[in-house]
Amino acid sequence: MAEYRARGHVLLCGGTGCTASGAGAVRARFEEELAARNMDREIKLVETGCHGMCEMGPIVVVYPEGTFYCRVEPKDVAEIVEEHLYKGRLVQRLLYKTPVTPEGVPHYKEIPFYSKQVRIALANCGYINPNNIEEYIARDGYVALAKALKEMSPEDVLQEVKTSGLRGRGGGGFPTGLKWEFCRKAAGTKKSAICNADEGDPGAFMDRSILEGDPHAIIEGMMLGAYAMGADEGYIYCRAEYPLAIKHLNEAIRQAEEFGLLGDNVLGTSFSFHLHVKEGAGAFVCGEETALMASIEGERGMPRPRPPFPANKGLWGKPSNINNVETWANVPAIIRNGGAWYAAIGTEKSKGTKVFALTGKVKNTGLIEVPMGITIREVVFELGGGIINDKKFKAVQIGGPSGGCLTEEHLDTPVDYESLTAAGAIMGSGGLVVMDEETCMVDVAKFFLEFTQRESCGKCVPCREGTKKMLDILTRITEGKGKPEDIDNLAYLGNQIKNASLCGLGQTAPNPVLTTLRYFRHEYEAHIFDKKCPAGACQSLLQYVIDGAKCIGCTKCARVCPVGAIAGEVKKPHVIDPAKCIKCGACEAACPVKAISKR
């Protein structure tokens, strides 16, 4: 009997974000509704990886039309099946609506969030079932591997990557082809290719989404790198907090081995490559390559002095190469299309695209992949849709806890390695946190330093003691106990820690403090000299007050106050006892006439 071909596909996002929003229940309802109408053979339901627009999940995309439905709930499924899949009519109320127009956008690619993206690393995320190798193959999967093994020498593969201008996407930005070349030329026959999937930046989920949505791209990229470098074994070091990613990786490895695309004598050639998944315990410092290798070896994850570099003496003392998830994911497309094709995207010194996790006070949060050279303004206001509630843009933290805060004057700065470094930030792995006018920059610096100080392995004194001292100063400032000399002391400590720390964690930990000192010094001065937080965010410097002229004496504020700090008779103005108030803000949220404010 001839195979039955579906007339349409319903692609349901199964990434972590949409799963947390109820995508599993939506899928179950689709299965029920399609079966009830005998449409389960003509409409194929596919659970994909992350579509990127996490703010709008659960996401459903109907093909071949490419209709994008957002925030779909189980109760919406019957209407989609009846109206769209059966009658061919769009369900208008579930379409994405832009911030400036109320009309729904019917087609996926017309949504501003997607229209400026150039997807290479994310090409398959949201399009294929990551647990089906045949779907990956149908989108040119493993074509690059076959091309390399059948038509190219290891030197040819290496040269294409060098021609592409691909730089490490994990933060350092070192040329990938040059890094591979060092490993290839290193003495020894036993070499390893390693994928750093230990993504630990607050608010970052780029690597996780690629691992969940397109694990075969990582496998193929690593095999191409291994072929070019002469490696026969590989490790994917993934934090255990990513259970879905680990599940998909292990299934992808199993399927690749079953298809003869991984293991001994790949595709009938002399090339053999074996791949393992190593689960990490979640230490941020294990994102540093020497600490990562120590963890794989069963040791405590602590950085080692360099030289020797991993290319000469890495895992188990043998030559090794480490790249992050996004870097490996770019390699198959480069080998398929040629290095010159990739080099034509981006800027003169920063080639290709970059994946960012766009979060914070922006309307469209999620995962984006944009060409190098796009401006911060385009990212925030076109792809991101602008600031929530149309408040004023204040800053963007780029590069995660190791990056820096850039201001409104940097909105037209191109997103490339050189421009961001000149502005005082770094590309980092791709975290991009947007802040509005109500964000306190001193508190932001404290938040990121708290993270890096807590994650310090403690091996070197500058990082262990220096970040603790900086955090003590910042804490004192946000509590209204700052001293005039604190600003100079923070700058001095920050520069000393950057110059003297052993690894990248300590060398970049002061960046958020130094950039906020550079661009928001006036906020530090207000905290120290005026004992005020201009943004009204630091609780110790706030006081909640009730406007007696507005208060209607409804008692709602008194009823929600957890410490009984509000007193007053019914229908008469209430007052807050500042000695009892813990500044939780519950009263302000409960007041129906906005009589309570913080000063």
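Observations, loosely collected:
- Compared with the direct C-alpha span, the chain from LYS109 to MET39 gains 22.5 nm at full extension, assuming 0.36 nm per residue.
- Of all accessible heavy-atom area on the chain, the percent that carbon and sulfur account for (1.4 Å): 51 percent
- Those residues of the range 431-473 whose amide nitrogen sits under 16 Å from the label point placed on ARG521, 7 Å along Cα→Cβ: 442
- Normalising the average separation of contacting C-alpha pairs (under 8 angstrom, six or more residues apart) by the number of residues puts the relative contact order of the range 354-430 at 29 percent.
- Ranked by the mean number of other Cβ atoms within 10 Å of their residues, highest first, the peptides 245-254, 122-131 fall in the order 122-131, 245-254.
- For the peptides 189-195, 542-548, the ranking by packing is 189-195, 542-548, with the highest mean count of neighbouring Cβ atoms within 10 Å listed first.
- Computing Cα Rg over 2.2 N^0.38 Å for the structure here picks out one of (1) 1.06; (2) 1.61; (3) 1.17, namely (1).
- For the range 516-599, applying the loop criterion from DSSP together with a ceiling of 12 other beta carbons within 10 Å to the GluC sites (Glu not before Pro) yields GLU569.
- Too-long pairs where the Cα-Cα distance tops 28 Å, listed order kept, from LYS150/LYS179; LYS44/LYS87; LYS179/LYS361: LYS179/LYS361
- Computed FRET value (nearest 0.05) for GLU297 with LYS469, which takes r as the C-beta separation and R₀ as 30 Å: 0.40
- Highest average packing first - 497-509, 216-228, Cβ atoms within 10 Å: 216-228, 497-509
- Antiparallel bridges, percent of DSSP beta bridges restricted to the chain (to nearest 5): 55 percent
- Centroid-to-centroid separation of the range 535-583 and the range 388-450 [C-alpha atoms, Å]: 35 Å
- With a threshold of 26 Å on the Cα-Cα distance, the over-threshold entries among LYS278/LYS313; LYS278/LYS498; LYS162/LYS191; LYS349/LYS468; LYS109/LYS351 are LYS278/LYS498; LYS349/LYS468.
- In terms of its C-alpha gyration tensor, the range 494-599 has a prolate overall shape, because the principal axis ratio a/c (a ≥ b ≥ c, square roots of the eigenvalues) is not below 1.5 and a/b outweighs b/c.
- Label-to-label distance for ALA567 and THR555 is 1.6 nm, based on points extended 7 Å past Cα in the beta-carbon direction.
- The alpha carbon gyration tensor of the range 302-372 gives principal lengths a ≥ b ≥ c with a/c of 1.5 or higher and a/b no greater than b/c, which makes the shape oblate.
- Its Cα gyration tensor gives the range 73-178 an equivalent ellipsoid; the semi-axes, largest first and in whole Å, are 40, 20, 11.
- Note that the chain presents 41 Å² accessible area per residue, ligands and nucleic acids not counted, probe 1.4 Å.
- Dipole of the range 259-361, positive direction: furthest Cα of ILE345, SER320, ALA281, with charges on the beta-carbon: ILE345
The values are calculated or read from the model by the stated rules, or taken from the named source; none is laboratory data. Quick caveat: nothing in here was measured; it's all calculated off a predicted structure. Note that we place each Cβ from the backbone using ideal geometry, even for glycine, and neighbour counts take in every protein chain shown. These area figures cover heavy atoms from the full protein model, side chains too; ligands, DNA and RNA do not enter into them. Shrake-Rupley method; radii C 1.70, N 1.55, O 1.52, S 1.80 Å.
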